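Notes for the one structure printed next.
The values are calculated or read from the model by the stated rules, or taken from the named source; none is laboratory data. Computed from a predicted structure; not experimentally measured. Note: ideal-geometry Cβ built from the backbone for every residue, glycine included; neighbour counts use all protein chains shown.
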Amino acid sequence: MKRAVLVVLLTAVVHASPARGQSLTAEADVTVGYSTDDVTAVATQLRAFGDLKAGVRFYLESAWARHSGEESDAFAGAYPYGGHLDVIETYGERLFMPGKSLIAVRGGRYRTPFGIAGRGDHAYSGFLRSPLIRYDDYFALSNTFLEHGVDVIVGVPQLYVETSLGVPADVGDEKRRSGFDRVFRVQGYRGQWIVGVSHIRTRPNQPESFAHGRAEFTGIDVRWMHEGVLVRGEWITGQPFDGTTTDGWYADLMLHRVAMGPVTAVLRAEQLNYNTIAQFAIHTTRLTVGAKIRLPRGLTAQVNLNRQSGNRPAYRSTPLDLALTYSIRLH
Amino acid sequence: MIRALFVMIGGVLLLASAARGLAPLELPGVARVGDRPKPNAVVWLESSVASLPETVKVVLDQRNLAFSPHVLAVRVGTTVEFPNNDRVFHNVFSFHDGKRFDLGMYPVGTVKNVTFGRQGLSRIFCNIHPNMAAYVMAVESGHFAVSDSSGRFLIAAVPPGTYTYHAWHPGGPTLTGSATVDGERPLEIRWP
């Protein structure tokens, strides 16, 4: 499966041409990064997407990334850094818009649709680390959770219900155990607000020897934007497995005003609580201030300064993260 | 009697000829850079827009993580619709020359509008997807066209006469020259 996807991706990159218009688009990102957490990182992603017949669209993405540090979550915004070549998303989808309604069906391998979960929400958004509540090592959710299944949206653009039924297909070091899982999400959009409520019931990503039962989380996500000011955040609560609970939140401010030109300023405040016996509990907070700068010739620079406190294992109090990404699109 | 008939026929032919001389014509042309055809070149003629009809609905679609068309030419005053036809959010903005705006994020199936109220080039991006880019050229003219993949363009319904034309393509300078619209000569635009 992985080999087949890679062959298709490489073929798409080599053969994409302007004459094909939007029927096939291929793109690649290459990122290098350094953090004072004693981490250097390099990452690349290949994507191909476009239209098939009868209104069906496809999307393929593969990623390889590696970093030098073992005990840091730097650069793990949306992709794993284990040094493996991973197939991230591979799906086909069909949108129907009869009248004012919206119906969308997606099948294949896709990011777990819980809360603010898209690639564009967390990769190259200005933040170089995933939120604490979305990093796989912190007993909550993970941005590297993926589903093998079917995802259906029904409603109108202003209010719809999304249901995903499938099995875990995670990438990275922490993978959920196999078994049926489901995700429900309701999203409303009005004016400057986008509000969602999500629920997931799945299998734990910890060993079965001590993690019994199911992982189950509920979350609320909110986005508000006005003239280049975006405020967004998520709050989740639930259990990674029986006998424990995890709750936490993050709130982002992203400023992209006209006078700022190519600069997007970002600010994040967040908190995570993993509640179990005192020896293993995690209570931590982090404040991130940074910027994303769109440079000429497909380059994007990102810089983050983090201030961390709490009892999360193996971290520094004020790490600085830097990254430079080159993006190219081949039509 | 025969003489009167000839006079009538002559009059009709004269009127037809005069009418043909005033009737709008099509101005075909081709845009090239050197000898290569240049797609997505905008060509417009200097002309008054006061007497032109209302502008039609113009759409700059967002689909498959791309803007379509890549280059859009509109008359000053045109309102352009930016529908999101992807399941992901998009955040359309333009911060450089021309129209400056930020539409914020909006989901699949929804539309936001922007009116391009003054002449100039607007560079359009999505703040979520760095590879999405498009151009909107707003022109003070009712006579304009964008070249196709073979560099060809067609400016419709132009009254015969001699005009000053302007031509631009992404990454290139604006050319200015003279174009005669007589139904016979195509316009050839060539950047060095």
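Observations, loosely collected:
- First in the range B:181-192 and closer than 16 Å to B:Glu26 by Cα and without any contact (Cβ under 8 Å) to a residue 24 or more places away in the chain, second anywhere and exposed (fewer than 14 other Cβ atoms within 10 Å of the Cβ) and small (Gly, Ala, Ser), Cβ under 7 Å, 6 or more apart: none
- Filter result (buried (at least 17 other Cβ atoms within 10 Å of the Cβ), under 16 Å from A:Thr163 (Cβ atoms) and more than 14 Å from every other protein chain (Cβ to nearest Cβ)) within the range A:185-204: A:Ser198, A:Ile200, A:Thr202
- Residues in the range A:34-56 that are crowded, with 21+ Cβ neighbours inside 10 Å and within 21 Å of A:Gly107 (Cβ to Cβ): A:Arg47, A:Ala48, A:Phe49, A:Gly50.
- The single residue among A:Val303, A:Val266 that is within 19 Å of the chain's Cα centre (by Cα), within 14 Å of another protein chain (Cβ to nearest Cβ), modelled with pLDDT of 95 or more and not in a loop (DSSP other than H, G, I, E, B) turns out to be A:Val266.
- Residue in the range A:103-119 that is within 11 Å of chain B (Cβ to nearest Cβ), in contact with a His (Cβ under 7 Å, 6 or more places away or on another chain) and buried (at least 19 other Cβ atoms within 10 Å of the Cβ) present: no
- Checked against (1) at pLDDT 90 or above; (2) in a strand (DSSP E or B), A:His84 meets all criteria but (1).
- Candidate set from the range B:70-110 (those that are in a loop (DSSP other than H, G, I, E, B) and under 20 Å from A:Pro98 (Cβ atoms)); member that is farthest from the other protein chains (Cβ to nearest Cβ): B:Asp86
- Looking across A:Ser130, A:Ser62, A:Ser125, one residue alone is buried (at least 20 other Cβ atoms within 10 Å of the Cβ), touching a residue at least 40 places away in the same chain (Cβ under 8 Å), of a type in the set (S, T, N, Q) and within 11 Å of chain B (Cβ to nearest Cβ). It is A:Ser125.
- On the stretch given as the range A:205-228, residues that are loosely packed, with under 15 Cβ neighbours inside 10 Å and small (Gly, Ala, Ser) total 2.
- Some residue of the range B:130-141 being among the charged types (D, E, K, R) and touching a strand residue (DSSP E or B) at 6+ places or on another chain (Cβ under 6 Å): no
- Residues that are farther than 18 Å from A:Val195 by Cβ, of a type outside the set (A, V, I, L, M) and either within 14 Å of chain B (Cβ to nearest Cβ) or in a loop (DSSP other than H, G, I, E, B) (or both), drawn from the range A:133-160: A:Tyr135, A:Asp136, A:Asp137, A:Tyr138, A:Phe139, A:Ser142, A:Asn143, A:Thr144, A:Phe145, A:Asp151
- If you go through the range A:122-169 and pick out every residue that is of a type in the set (D, E, K, R) and farther than 27 Å from A:Phe180 by Cβ, you end up with 1.
- Evaluating B:Leu65 against the criteria (1) in contact (Cβ under 8 Å) with a residue 40 or more places away in the chain; (2) within 14 Å of chain A (Cβ to nearest Cβ); (3) under 21 Å from B:Val42 (Cα atoms) leaves one unmet condition, (3).
- Matching entry among B:Ala167, B:Ala179 (being at pLDDT below 90, in a strand (DSSP E or B) and of a type in the set (Gly, Ala, Ser)): B:Ala179
- Taking the conditions (1) buried (at least 17 other Cβ atoms within 10 Å of the Cβ); (2) within 13 Å of chain B (Cβ to nearest Cβ) in turn, A:Val258 satisfies each one other than (1).
- When B:Ser150 is tested against the conditions (1) farther than 14 Å from B:Leu45 by Cβ; (2) at pLDDT 90 or above; (3) assigned to a strand (DSSP E or B), the lone failure is (3).
Residue-by-condition table, conditions (1) in a strand (DSSP E or B); (2) within 21 Å of A:Ala74 (Cα to Cα):
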{"site": "A:Tyr274", "(1), (2)": "yes, yes"}
{"site": "A:Ala278", "(1), (2)": "no, no"}
{"site": "A:Val289", "(1), (2)": "yes, yes"}
{"site": "A:Pro296", "(1), (2)": "no, no"}
{"site": "A:Tyr315", "(1), (2)": "no, yes"}
{"site": "A:Tyr326", "(1), (2)": "yes, yes"}
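- Being assigned to a strand (DSSP E or B), away from chain A (no Cβ under 13 Å), on the phi > 0 side of the Ramachandran plot and touching a residue at least 24 places away in the same chain (Cβ under 8 Å) is a description that does not apply to B:Ala138.
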